[in-house]
Structures are given as C-alpha cells and as structure tokens.
1. Within region B:184-211, which residues are of a type in the set (A, V, I, L, M) and open to solvent by 10 Å² or more (accessible area, probe 1.4 Å)?
2. If B:PHE95 satisfies every condition in (1) at pLDDT 95 or above; (2) within 10 Å of another protein chain (Cβ to nearest Cβ) but one, which is the exception?
3. Name the strands (runs of 3 or more DSSP E) wholly within region B:98-160 that hold at least 3 residues that are more than 14 Å from chain A (Cβ to nearest Cβ) and at pLDDT 95 or above?
4. Residue check, A:LYS79 against (1) farther than 18 Å from A:VAL216 by Cα; (2) of a type outside the set (A, V, I, L, M); (3) open to solvent by less than 10 Å² (accessible area, probe 1.4 Å); (4) within 22 Å of the chain's Cα centre (by Cα), all met but one. Which one?
5. Which one of these is over 28 Å from the mean Cα position of the chain (by Cα), within 25 Å of A:VAL220 (Cβ to Cβ) and surrounded by fewer than 21 Cβ atoms within 10 Å (Cβ to Cβ): A:SER2, A:SER21, A:SER17, A:SER13?
6. Could you check how many residues of region A:251-260 are in a loop (DSSP other than H, G, I, E, B) and either crowded, with 22+ Cβ neighbours inside 10 Å or on the phi > 0 side of the Ramachandran plot (or both)?
7. Restrict the check to region B:387-402 and report whether at least one residue is open to solvent by 30 Å² or more (accessible area, probe 1.4 Å) and in contact with a Pro (Cβ under 8 Å, 6 or more places away or on another chain).
8. Is it the case that some residue within region B:412-435 is in contact with a Gly (Cβ under 9 Å, 6 or more places away or on another chain) and open to solvent by 30 Å² or more (accessible area, probe 1.4 Å)?
Amino acid sequence: MSVLNKSAHELASMLVSKEISSVELTRAQLDNIDKLNPRLNSYLTVTHELALTQARQVDELRAKGEKLSALAGVPIAVKDNLTTIGIETTAGSKILQGWVPPYNATVVEKILSHRMPILGKTNLDEFAMGSSTENSAYGPSLNPWDLARTPGGSGGGSSSAVASMQAPLALGSDTGGSIRFPAAVTGTVGVKPTYGAVSRYGLIALGSSLDQIGPVTRNVLDAAMLHDVIAGHDDMDATSLAESLGSMTEAAKNDSVKGLKVGIIKELTGEGFQAGVSERFQEALELLVAAGAEIVEVSCPSFQYAIAAYYLIQPAEASSNLARFDSVRFGLRVMPEGAATVEKVMAATREAGFGAEVKRRIILGTYALSSGYYDAYYGSAQKVRTLIQADLAKAFEKADVLVSPTAPTTAFLLGEKQEDPLAMYLNDIATIPANLAGIPGMSLPVGLASEDNLPVGAQFLAPARQDARLYKVGAVLEKLLENKWSKSMLDFAPKLEVN
Amino acid sequence: MAKDQLMDYQKALDAYEVVIGLEVHVELNTNTKMFCGCANVFGDEPNTNVCPNCLGFPGAMPAVNGKAIENSIKIGLALDCQIAATGRFARKNYFYPDLAKNFQTSQYDEPIAFEGTIDIEVPSGKVFTVAIERAHMEEDAGKLTHVGGSTGRIQGAEFSLVDFNRAGVPLVEIVTKPIYGAGDEAPELAAAYVRSIREIVKNLGVSDARMERGNVRCDANVSIRPKGQEKLGTRTETKNVNSLRSIERAVKYEIQRQAHLLSQGTAIIQETRHWHEDRGATSSGRPKSDADDYRYFPEPDLVPIQPSKEWIEQLRATLPEKPAIRRKRLQELWVFSDLEFRDVVNSDLLDEIDDTVKAGAKPQAARKWWTGELARIANSEDKDIAELSITPTQVAQIAALVESGKLTDRLAREVLTCVLAGEGNPEEIVAKRGLEVVSDDGALLAAIDQVLSEQPDVLEKIREGKLQAAGAVIGAVMKAMAGSADAARVRELVIQRANEL
C-alpha cells in the first residue's frame, strides 16, 4: 500500500520508527498533488519548497533525538481563509488575489509549532459562502468519487484533497456545515468543535458568532489528534474558552458504546432525505444498538426556523466583516472611470472584487441590520437561536449524543443548484443548528448510497464542551463499520484516472 | 463661502429659548490601544504603532484592554453614573477611509455607564446641574491629512494620507441629556462643562486631557425654539471644537445664526457643522438625520463586560474629590478672593497652580506667575498655556529663588525665558548664566565706590541729605553688576557709603 493511503496516525508511527522520513512523505504528497490538483483544483496554492524545508527541519530534529509532538512531520493542507505568513491567502476571492498576510492564524502557528509541514492552501467558496466550492473565484474543486460532482462546500478543497490522498490531514472552517457537509459527500471525517474551543484568530471571518475551525481527516483518531493540536485558549480571540476540554485522542481510543443514549432528531429524518442516505443511516444506528447503545427519539421543533435564522445572522455579520475590503490598506484596488473619489474607488473595487453570492449576502445582511428592520429580522433570528439552544438542551436531557444524516443527499452535480440559491441553502438543514447553538458536531462516513454509490455521512452532535463524546461514539461506529466492510471507507473510492 | 447672517445675541435670547447638548470624547492615556497591544502614543511617525488588528486586516480579532475598562468605569463613577452590570460592545457600521474595519467598535444600547449628573459653575457664579445620559467606550479612528486643494479639507484635495497610529486608541464618549434653561449663559455653560470634564479626567489620571492634541474633543448640539413653544427646535451638531474658548464662541454663533434663520422663516437643517477658529464661524458639514443608519449590532468577536460589584466599589474608593468640592477647598486653602479664584478657574490654570503650590510655592506667587508672565507669553506666542515647556515644579523653583532673595523679579523672568527655551532647570540656569543676585557686599561696595568717585557732585548731594540723587548711582551700579544685584540693598549701601566717604 502506498504511503499516500496511510492515515495520519499510521504515518506518525512510521515517522517515529524512522520507516519513512518527513521529506520522503512530503515529497510523495507533493508529487500526488502535482498529478491530481490540475484536475481536481483542491489547492489554490501549493507550497512545495516551504513544505520540504519544514519536513527537512523536522527530520533533522528527529535525528538529533529531540522530543517531538505526535503529528510532527505529518504534512497538512490549510483552507485558504486562514492567514499564513508569506503564503498568498485569498479566501477564494478576487478581492484578495495576491495578498500575502504578515501574520499567521493561531491554528497555523499551532501546526507549525507541532512541526507539521504545510502542503498548501485549499480551495473554498468565496469567503466560505457556499456549499459546493462553485462560488470560488478560482473555479470549483471536484469530488474524487465523481468528477462531475461537488466535494461539498465551503471546504471542498480540503475534503477533496483529503479524499484523493493529496493530504492526510486538512484544516477547515465551519460556519453552517462547511467542514461537515464536504466530509459527508467525500467519505471523510469532519469535526466542528464547540464554539470557542479553537481560536479563530487569523480566520477570515464569515459569521463571527458561528465560525469555528476544525479537522478534516480520513478517520476519527486522526481528527482527534489534529483537534488536540489546534484546540486551546488564545488571548488573541476573546471568545476562546478559558478551560481545556480534555484529550480528544484519549476519547478516540474508546471501544464501547454500552449504555450510550443516542437521540435521533425527529425533524432530521424521513421526508426530504434521499432513500439511500436514510438506508445507510439506519444501518449505522442498528450497528450501534447491536453494540449496546440505546436509541431514543428527541424533537427539536425550532429547527424548522434554523435556516431562516441562519441566513439572517450570518449575512448580517458577514456584511460587517467584509466591509474592510475597501482597497485602502490591502488587496485589490480598482480605479473607476472618471474622477476618482475614495467612495468611488471603494465601490469600484467591491463591484469588481466580490462575486455574486458575496454581494447577495452583503445586501441581505445590510438589509437585515437596517434600522426599522433590525427587530423583525436580526432580532428575531437571535431569538430563534435561543429557542434552538433550548430545544437542544432538552434533547440532551434524554440523550448523550444526537444523530442525523449530515446532509439530505449525497454529492450533487456541479451546476445543479447554482442557479437556485434557496435549494443550495436548504442543503445545510442538518448542520446549521450546531453553529447556531455553538455545540460540537462530527460527520462520519457510514457507507455508500445504493442509488448512486456515493458516500453518506452521519452527523453526531454533543452538548457544548462535550466534544469528547463525538470521538467516543465516532471511534466505535467507525470500527464497527470497517469490520463490516473489512476495509475503510476511502478504499471504496474509484481509482482516479487523470492526466 | 457665503457669510451667515446673525441675529444680535441679546435679541436672539429675548425671542428664543436655547437647548444644548454636549458630546465629549475623552482619549484615554492607557499604554496600549483599546483592542490590541499597539502603543498609544501621540506624535510618533505615521503608521508605526499599528498591527493587523488596528489596520483592520482580514482575520484579525480584538482583545479588550482591561485598563481602558477600568478607566471608563472611573469616569462613569466620577460623573455619578450607574455602572452597567453587563456592558456590551457593538459595531457601528459606516464606510470612511480613516476607519480601518469600516465599522467602529463602540457601545450602543448597553453602555458601561449611564444616568449621571455633574454640577457646573458658570462665571457668574450660578451652578447648573447637568444630567449625563451615558458614558460609553469606543475606539478612535485614524487621522486623515488631505493634501492639495486650498482648504485642507477632503473636498478639492488631490489625495489624502491616512495615519492609523490613532486608530484603536481608547475613547470614552460622555453624552449629556438636553440642557434647558441656561439662557444667555448657555455658551459659558458649555465651556465650563467641558472644563469640568477635562479636570475630572485629568485628576483621575486617565487622560492627558490636552484639547490641542485632541485628547478631549467636544461636539456641541444647539437648538433654539420660540419662547413658550413646547416642541424642540431642529438641532445642529458642531463637531470637534477643540478649545474652551471655541466652544463658547461656537455655541453663541449657532444661537445667533439659527435665530436669524428662524426669524426669516427659514427652517434649520439638521446637520453637522464645522467650527472655523479663524473666521469665528461654523460652516455646513453633512446632513445628519435621526435616521442615520449605522446598523448597530452586538460585536460578536467580544464577550460582554461584567464588572463585579466589589471591583466597582474598589474603584469608587480611589476617586479623587469632585471638581466643585475641590475648588471650594482650594480657594479656602489658598485664601484667594472670589475674583482671583474665578480668574484662575476661567484661565484654566487650577491644576497648574495647585501643582505649583504642591511643589512648594506660595499660592499668591504661583497665581501671579501663571496668570501673569506665563499667560502673557502663551498669549503672545498664540499658544495654549499647557503647551509651554515648563512644569509646575520649575515655576515653584523660580518662585523659591525669588522668595529667598536669590533672584530679583527681573532676573526671575529671565530665568523663566531660559527654562521655556529648554536650557534646563532654574537652578542650573542661574548657575550657568551667573544670574544670581550679587549678595556679596564687597563686590557691591567696590562698584559703588567706583561710581561715587566718578560722580563727586552726586556724592555731595547725598551727603547733604538729598537722597533722591542716589537714584542715578543705583542705576549705574545695577548696570555695572549686569542687573544681578538687589536694588534695595544697593540703595542701602550707597547711602551708607556716601556718609562714610
């Protein structure tokens, strides 16, 4: 088996036992990127030299016998809305084309201090606004399971890179499902931690009260190890939690779900979900029951308002967050025709630099915050948030974790929903409540839908600060499924024919 | 620019009632900015105290300066405000090139302090109780310099430079409720109010409180209504009036301008106005309506501020005395007449004199130096007295040298000039320049003998008891001593010597 197919924790052991060097591993990854990326468009920037330099350094340190962290030497891909010193950071937008930040996001600092070579920056919908990467100013990423389909969004670059062996690990950001949905449709694992568990400093903000950075990986243990690298308090992010939430790696070593109460969210099953999705989801539940878990049904009636509330709060915050893109201090500057005033330069720059979806959300958000409409829109949406939190609190009285399919369907065709924003928004029905409530969620592959042979994801949710529960249940279910399949999810993936 | 027509002030007040409202921005003197670790320093090279945060770069996030919160609470307490159990930051959204993020992190419906009062004494001695609506925290914007064009304003400029050193400097904005019934004293009340705020923040040590540097800035809202009318008139907001005198003048100007317009049946436009010190006039800025939509919403990148009751009480216990009480105490302590004291307060020299007295000077001497020579120099150089480079300690040292007879008044003024010129402390200047009074009788007697021997006729007259003749000798001796002699002592010695010779 190629080194490329190994999971991050396997690679970590091989590095420790010196079966392989970080340079060899990183070079193999880069070669595969050079082969696949021109077709899949997973990466916007590939940092060959930087990655190899970092790999060489970690090899030298290891040779000297220095104590290194668990994932030292394992390369990683970084979503392009995280700032990286010396590496172009575009957030998938023309307005930031060529922008090289002078500071690292805290999570980037962390992966560098853990000596994980950075392979490059992955594609995303512009400013993470979208569910398919079709809103990227640099073209969509493709799903390695079917190149005509989306790898999900907004973090489709990271999911397609991890699913196509262009990286063993990646960082994503999740505002309404941007880690979990891409994971579900590419057969990978994606985790959105509790709001505040991971510092957002250096994440180019979409919806500040919703955004959270998390791992994109091929299995639960890898996700847990990466989660442990990036989590923790940061003085640079006032909303970051003061306390540690414990070791996710330890949680992922759990091997029992005996007595675990798993709550099925009534509102997120049945009608509206693709038959093959529901089928695989049910089977996964049966495996858990067989292993000793108890299934209970819970109801979250306020979820019906979640998408409406989300599409007020997130654009409102985005309209303000994106105001800084005005050409004065950084990024694109477009001079208008005729006499230029600063207002005209700002307007011309924003007109040329932002894509249609970004403009749509800025307009929506500006409207929702306008005086006279604030109470009806933004104010009401915040109330829905409180209701959703209350629903979840009640549900967690009955269940330790909640479960639903991650998305109503498997990967849709590129272009299928691009002309219908509302259909695109509805795609996030199952993932959005976790962001509105600030709770952690994990998407885990549970098999292929019988109609289209495409991956299906199940989403687990836990109460705020109980991220460890996701890894406990995820690790067990993953093992049950792999035992049943006698292989791992990505082994089902078609061999990519690219040239 | 068309010249406004003004109604005679007294006529305006006979016909209209004046309502004012004051918004004072106080820049805090914390070491670092409100939401990042950049230095909060005035006058550094442009764009040297900046970081991703105060430049509004993508991905940067604010972190609150705890000292700024403490200082804001102190200001609230000094204004007898209630302190919010939960204060929240909000984003005030508008595009302007000096505003890095194109929103200002401010406070909206949950200010840190609210519902206070302050007693303000106007020059006539009358005391007004001004109600404070709120004091809230926010960040300052950067500074724009418009280059090209004749006015230095954005209109007509070829280009503009932005300095973000000031972006993110902590501000506290103190807003009064509408102030009614000040009548013809409204302009004086406005100035006296700002003076008191300045005094408070200076005594709290939370701001350098220098108006010429923009540490304290006032926006004056003025409206008038025909006497007896219930409905408030349309107001104008004159922005950034940066001296006490200008505040008084600007308010008076607006009253007269609005009165003229209303008397002509012309409606007042709700707008911001700019004060022009040189012309003594305001000019139209931009229209401002109550519907100005800043799309405020709670700042999602910051958590609410929840100061504990214990902390608030600890801060309350550290507050200095209130301006009105302090004034009463100082007047009694210094034994100044009402007139002398009012002169001190109105010249805005209370702190300087207090500090000079604390440094050892006698109150009257301190008063004379500050309201006399120093005020004269500042005036002749067209400076604010605070801009003169002399400290109260140095003034006290000069006063002490005069008191001990080491300097004459004339010499002392010379020393003062040298201090202002940056030559060092008074003692050093006296030593370096040999300015000390010659108290060595030997040297004086030698000079006297020389002069007397040159002027035998004068000597004769003195001997005959015509003492006024000594004047010429004294003058010549003083000249010979280059002024560094005590004239009274010279006179004594001249008479003594004339009778001995």
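The values are calculated or read from the model by the stated rules, or taken from the named source; none is laboratory data. Predicted model, so just to flag it, every value in this text is computed and none were measured. Counting neighbours? That spans all protein chains shown, and the Cβs are built from the backbone with ideal geometry, glycine included. Note: accessible area is taken over every heavy atom of the protein model, side chains too, but ligands, DNA and RNA are not part of it. Shrake-Rupley method; radii C 1.70, N 1.55, O 1.52, S 1.80 Å.
1. Hits for region B:184-211 are B:ILE200, B:LEU204.
2. (1)
3. B:113-121, B:127-139
4. Here A:LYS79 clears every test but (1).
5. A:SER17
6. 3
7. Yes, because at least one residue in region B:387-402 is open to solvent by 30 Å² or more (accessible area, probe 1.4 Å) and in contact with a Pro (Cβ under 8 Å, 6 or more places away or on another chain).
8. The answer is yes; a qualifying residue exists.
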